[in-house]
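The values are calculated or read from the model by the stated rules, or taken from the named source; none is laboratory data. Small disclaimer: the values here were computed from a predicted structure and weren't measured. Cβ placement follows ideal geometry from the backbone for every residue including glycine, while neighbour counts extend to all protein chains displayed.
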Amino acid sequence: MKICKIKFKNIHALKGEHTIDFENGVLGEAGLFVITGATGTGKSTILDVITLALYNKIPRIEKSISEKIIEEEGVVLTKNALDCYAEVEYEVKGKRYLSSWSIRRTRTGTLASRKQELTEVATGTILVSSVNEVVSENERIIGLNYNQFVQSMILAQGQFSKLLLAKKDDRNALLEEITGSSIYRKIGRAVFQRFRGVEDAVKTQQIKMGETVLLTDESLKEIQDDIAEKKPLFTANEAKQKELENKKALKESILKNIEKKELNLREWNAFLMHKKEVSTQEKELEVHDSVVVFKDQMLQIELADKTVSELSVAIEKGKQRALDFEKTKKELIQSASELTATEVAEDKLDIVLEEFRIKVVILQEAEKEKLNEARQEAQRIKDKLQGLKAYGITLIENENLLQQIEQELKTIEVEITRKGLSTIDAVRTKKDELSKLVLPANQLIGNRKLFDEKKKGIVELNAKIKKQYSEINGFIENEKQQKSELATLLPIVEKAKEELEDWKQRKSLDQHRADLEPDKPCPLCGSESHPYAESIEEVLVSTLQDKFDELAKKAEELKKNVLLVEAKKVSFQAINSKDELDLEKRSADFQVLENAIVELCSQLKWNKADSLEKWESEFTALQREQTELDKLEKYIQSKVVLNEMEKLNSGYSVLKTAYRKAKETLLSVYNKKDINTDVSDLNKKFSVCRSELNGLTEQLVESTANRTKTVALKEQLLAVLIPELQKKDIDSLQTLKSKILEESIANQIRKKLQKLKEDEIRLKTNQKAIDETLAEEERLNDTTVTLDELIAVLPKVIQDLTELQKHIWDQEKRIEIDTQNKAKQKNSQESLEALNKDLSLWSKMNMLIGDAMGKKFSNFVQDLTLRQLLEYGNQRLRGFSDRYLLDVSNDSDGLKVIDTYMGNTKRSVSSLSGGETFKLSLALAFGLSDLAARNVEIESLFIDEGFGSLDPESLDQAISILENMQNESNKSIGIISHVGELKDRIGTKIKLVRTGAGYSTIEIE
């Protein structure tokens, strides 16, 4: 998997849009680069962009990125930015994909839902666009989840130094954290907790089973016999209780019916009294029914009286209103006379008013016409004044406008005379000639500044190349010298080694020397002289060992120095070649620029040898002349406008005088607001007044006729009704009215009479039913026992029956509970057997991998992981050095290193020097990357810090190792670091530069 390009906008401190192409340009050519910048400028943001676009996660936040996390944590989106996005273009197995992530704020300020897409670059096809599907599809294509991806690509070297030197428990904890394999610790704890849970469940089940008590067969039979004995007795007692309850109910019913009979008798007596009271109302109803036929005639006569009275009142009111309208009419005629200033007759009012209105309207239109003409002329003057502002002339519209115009015309004539150009064409011709000089002059000054900068850059680059050649020659001489020293030293080391081995063998014969006796032959050589029989100095062997160690160490250092010098030489040669190509390109560009300057000087007729300051002065003069010509052109154009304004101002004065005269004439005839409204209101009011008077006259005639007609109708009705009333002994309408009841009262009386009939029937029926029921109950009543006796004996019978029933139920319940307990006991036994089987399994699992902290299984897994890691690490380590290999033993708490230069002896890693520790730590880091990506080819790596603690020699060696690794594997390797020497040694850089307000920008060099 290879990261080809990233593009992002407004992520953390990096405001705006940024693009980093790892495949092309200087980053693609170099392969090894450093990401550098001050703290907080956003070095780690580059890594955040990659993981955000691929997995919607960043290393500094544990959870997936959501709108809530962005708001609460203040991450990802740059402060005050409205949107942001992150895009990663990557390649897997020859195919390219573009994974994008974006989010924006809505108009209300809240964050909209994020968007993610995965696109195939070659075809432009969108593979997935759901936020969840994009992450899953990236995992499938890359072959790594988020944790594996981070472990494979971002190597934290300091963490592996801790891993290298840590004791076993600490080492396993670190390894668990680095590899993200805490799941095995959780599994170990879960196994232990499951074992404890099953064990507790077995104990609980056993306790529950011990608490259950079952009946014996003998107890069960005794209970069943007891139930069989008590049930017949219960049936007999139940029948006796029912018989007594029936007798008691019968006696109680007789008493209730006697009470009902007495109550019915009382109601009958009350009914007779009520019937007597209603008899008077019954007679009134009979009289009402006999005379109610005359009610309609009576009502007609009363209506006629009412109508005559109302018409008389209306006639009086009509006469008063007619007098009021006559007065109003006179007032309206007077108002018309005042408006027209003439006497107005009633029949001529509308004609006079219309003639006056037409006269006023003609005067108003004349005034309006004059006003519009004056306003139009004033607007033309304002337009001209506004137009003059475009030429830089501002005049004030007041009484002195004419004097201002004359003064401006004098100023313009002075300027035209001074320049000697009196027409627009002459000015524009001069401006065109000047423009042809300004543009090349501006270009020449820009080229001159660029020329000076490029010249300075070429001088500096030449000096740099010369210095680099000197350093390369120094490296070559140093390499020759050290190789010569190494060639001289190696035979000396070999000889020292042989001498040491020889003396070690001699030392092994010390025991035989101790057995030699003076003047007796040696068993080995036969000599009777034994000059070394006494001892060989231990110091000699020790001295030879020290000498050999010192020579071996010196030889090793010489080998390292040769490698370092060679790496530096290759690095500087590559940089120098690049700088020479750059110098060649700069020189060619410089020559092109110099030719352009010569050509422009010739065009402008300027001296090439003059200083930049003189050129700028001449350019300023050209610009000043151009400005003055622009001003003169505006003056000539404004002169035409000013002349027009003089004429307009004179015409405006004449129009104002005409308007004033028209207005005075109108005011002398009509000085109110709206003539049409005034005339219309007078006409309308006069018309209404006249119409109302005519209507009132007609109403008075009609009302008088109706009153006469109604009086005649009343007399006719009385002539017919009075004889009929006299037959009924009714002498007046008032008497008739008193005998006729209200219909509601008559209906109430009828309802009372109807209810009396119904009550009579009900009471008689109830009496008969009660008498019949009492006779039947007396026939069935047992007179041998009283109600009080029954009330006294019945509770005892019920109590005995209840106790007997409870006893039977309790016995039956005991049998039921026993049956349930036996079924439960059977189920419990089955559950216990299943739990014991489960306990056997989890007991074995707990013995193998379980404990309260999950340490047992975690340590087992981390030991396996460590052995795999050491295997991968040793493969990387062989590429760094052929001397050391990492190893671990079961009887040791720490890691061991095998020293192949010292006969494969093992020693603790804590005995290594700083540089050796760095090599082994870096090998472990690359080993973990290989381990995490066993099935995926990783072509992009980022190493996060870890170089700050190295001494210059180790740092130089580390850089050489990384350069060799990059050259061999063709990986793209980025180092995030603050170390100055690292930045100087690695020529290709991604620099993050602070720009102010907490933001940063990216520079690639």
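Please find, within the range 433-454, the residue that is modelled with the lowest pLDDT out of those that are among the basic types (Lys, Arg) and surrounded by 14 or more Cβ atoms within 10 Å (Cβ to Cβ). If you could, list the steps in order and put the result at the bottom.
Here is the first cut: in the range 433-454, the residues among the basic types (Lys, Arg) are 436, 448-449, 454.
Applying the additional criterion that residues be surrounded by 14 or more Cβ atoms within 10 Å (Cβ to Cβ) yields 448, 454.
Working: Arg448: 79, Lys454: 82.
Among residues in the range 433-454 that are among the basic types (Lys, Arg) and surrounded by 14 or more Cβ atoms within 10 Å (Cβ to Cβ), the one modelled with the lowest pLDDT is Arg448.
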Qualifying position, being closer than 30 Å to Glu415 by Cβ, without any contact (Cβ under 8 Å) to a residue 60 or more places away in the chain, out of contact with any Asp or Glu (no Cβ under 7 Å at 6 or more places or on another chain) and of a type outside the set (S, T, N, Q), among Val640, Val592, Val598:
Val640
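Can you name every residue in the range 569-609 that is aliphatic (A, V, I, L, M) and under 60 Å from the mean Cα position of the chain (by Cα)? Explain how you work it out, then say what you get.
Here is the first cut: in the range 569-609, the ones aliphatic (A, V, I, L, M) are 570, 574-575, 581, 583, 588, 592-593, 596-598, 600, 604, 609.
Answer for the range 569-609, where residues must be aliphatic (A, V, I, L, M) and under 60 Å from the mean Cα position of the chain (by Cα): Val570, Ala574, Ile575, Leu581, Leu583, Ala588, Val592, Leu593, Ala596, Ile597, Leu600.
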From the set of residues in the range 286-336 that are hydroxyl-bearing (Ser, Thr, Tyr) and either at pLDDT 80 or above or out of contact with any Lys or Arg (no Cβ under 9 Å at 6 or more places or on another chain) (or both), which is nearest to Asp350 (Cα to Cα)?
Ser335
So Leu214 ticks every box in (1) modelled with pLDDT of 85 or more; (2) more than 36 Å from the chain's Cα centre (by Cα); (3) exposed (fewer than 14 other Cβ atoms within 10 Å of the Cβ) but one. Which box is left unticked?
(1)
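Could you grab me the full set of residues in the range 409-437 that are of a type in the set (Asp, Glu) and in contact with a helix residue (DSSP H, G or I) (Cβ under 6 Å, 6 or more places away or on another chain)? Quick ask: steps written out before the conclusion?
Within the range 409-437, the subset of a type in the set (Asp, Glu) is 413, 415, 425, 432-433.
Passing the criteria: only Glu415.
Is it fair to say Leu385 is within 12 Å of Asn649 (Cα to Cα) and either modelled with pLDDT under 80 or outside the structural domain of Val641 (by TED's automatic domain parsing) (or both)? Full working, then the answer.
On the way: within 12 Å of Asn649 (Cα to Cα): yes; either modelled with pLDDT under 80 or outside the structural domain of Val641 (by TED's automatic domain parsing) (or both): yes.
In short, yes.
Yes or no: Lys685 in the same structural domain as Leu339 (by TED's automatic domain parsing) and farther than 30 Å from Lys419 by Cβ?
On the way: in the same structural domain as Leu339 (by TED's automatic domain parsing): yes; farther than 30 Å from Lys419 by Cβ: yes.
Answer is yes for this residue.
Any idea which of Leu700, Leu655, Leu736 is assigned by TED's automatic domain parsing to the domain that holds Asp324, surrounded by 11 or more Cβ atoms within 10 Å (Cβ to Cβ), at pLDDT below 85 and assigned to a helix (DSSP H, G or I)? Steps first, please.
Working: Leu655 fails: assigned by TED's automatic domain parsing to the domain that holds Asp324; Leu736 fails: assigned by TED's automatic domain parsing to the domain that holds Asp324.
Only one candidate qualifies: Leu700.
Does Leu339 satisfy the criteria of being over 27 Å from Lys663 (Cβ atoms), of a type outside the set (Gly, Ala, Ser) and either at pLDDT below 85 or assigned by TED's automatic domain parsing to the domain that holds Asn683 (or both)? If you could, list the steps in order and put the result at the bottom.
Values: over 27 Å from Lys663 (Cβ atoms): no; of a type outside the set (Gly, Ala, Ser): yes; either at pLDDT below 85 or assigned by TED's automatic domain parsing to the domain that holds Asn683 (or both): yes.
Taking the combined requirement at face value, the residue does not satisfy it.
Identify the residue in the range 996-1005 that is loosely packed, with under 14 Cβ neighbours inside 10 Å and farther than 13 Å from Thr19 by Cα and, among all such residues, is farthest from the chain's Cα centre (by Cα).
Applying the first criterion (loosely packed, with under 14 Cβ neighbours inside 10 Å) to the range 996-1005 yields 996-998, 1003, 1005.
If we keep only those that are farther than 13 Å from Thr19 by Cα too, we end up with 996-998, 1005.
Numbers: Gly996: 28, Ala997: 25, Gly998: 24, Glu1005: 38 Å.
Here the residue is Glu1005.
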Subset of the range 11-38, residues within 26 Å of the chain's Cα centre (by Cα), surrounded by 19 or more Cβ atoms within 10 Å (Cβ to Cβ) and outside any loop (DSSP other than H, G, I, E, B), comes to Ile11, Leu14, Lys15, His18
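Among the residues of the range 345-367, is any over 60 Å from the mean Cα position of the chain (by Cα) and closer than 30 Å to Glu616 by Cα?
The initial filter retains those residues of the range 345-367 that are over 60 Å from the mean Cα position of the chain (by Cα), namely 345-367.
Now narrow it down to the ones that are closer than 30 Å to Glu616 by Cα: none.
No, the range 345-367 contains no residue that is over 60 Å from the mean Cα position of the chain (by Cα) and closer than 30 Å to Glu616 by Cα.
Suppose we filter Gln829, Gln811 for residues that are over 55 Å from the mean Cα position of the chain (by Cα), assigned to a helix (DSSP H, G or I) and either within 27 Å of Val198 (Cβ to Cβ) or among the hydroxyl-bearing types (Ser, Thr, Tyr) (or both); which single one remains? Walk me through how you get there before you give the answer.
Details: Gln811 fails: either within 27 Å of Val198 (Cβ to Cβ) or among the hydroxyl-bearing types (Ser, Thr, Tyr) (or both).
Selected residue: Gln829, the only one of Gln829, Gln811 that is over 55 Å from the mean Cα position of the chain (by Cα), assigned to a helix (DSSP H, G or I) and either within 27 Å of Val198 (Cβ to Cβ) or among the hydroxyl-bearing types (Ser, Thr, Tyr) (or both).
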Counting residues that are polar (S, T, N, Q) and under 30 Å from Ile943 (Cα atoms), which strands (runs of 3 or more DSSP E) fully inside the range 65-149 reach at least 1?
95-104, 115-120
Within the range 262-293, the count of residues that are surrounded by 15 or more Cβ atoms within 10 Å (Cβ to Cβ) and closer than 30 Å to Leu787 by Cα comes to 1
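Would you confirm whether any residue within the range 48-55 is of a type in the set (Asp, Glu), closer than 20 Å to Val134 by Cα and not in a strand (DSSP E or B)?
Let us first name the residues in the range 48-55 that are of a type in the set (Asp, Glu), namely 48.
If we keep only those that are closer than 20 Å to Val134 by Cα too, we end up with 48.
Going one step further and asking which of them are not in a strand (DSSP E or B), we end up with 48.
Yes: one or more hits.
Would you check which residues across the range 837-851 are among the charged types (D, E, K, R) and either within 16 Å of Val861 (Cα to Cα) or touching a residue at least 60 places away in the same chain (Cβ under 8 Å) (or both) and list them?
Listed by number, the residues that qualify are Asp838, Asp851.
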Note down all Cβ pairs under 6 Å where the first residue falls in the range 116-141 and is over 13 Å from Ser100 (Cα atoms), the second is surrounded by 13 or more Cβ atoms within 10 Å (Cβ to Cβ), and they're at least six residues apart or on different chains.
Glu139/Asn145; Ile141/Val92
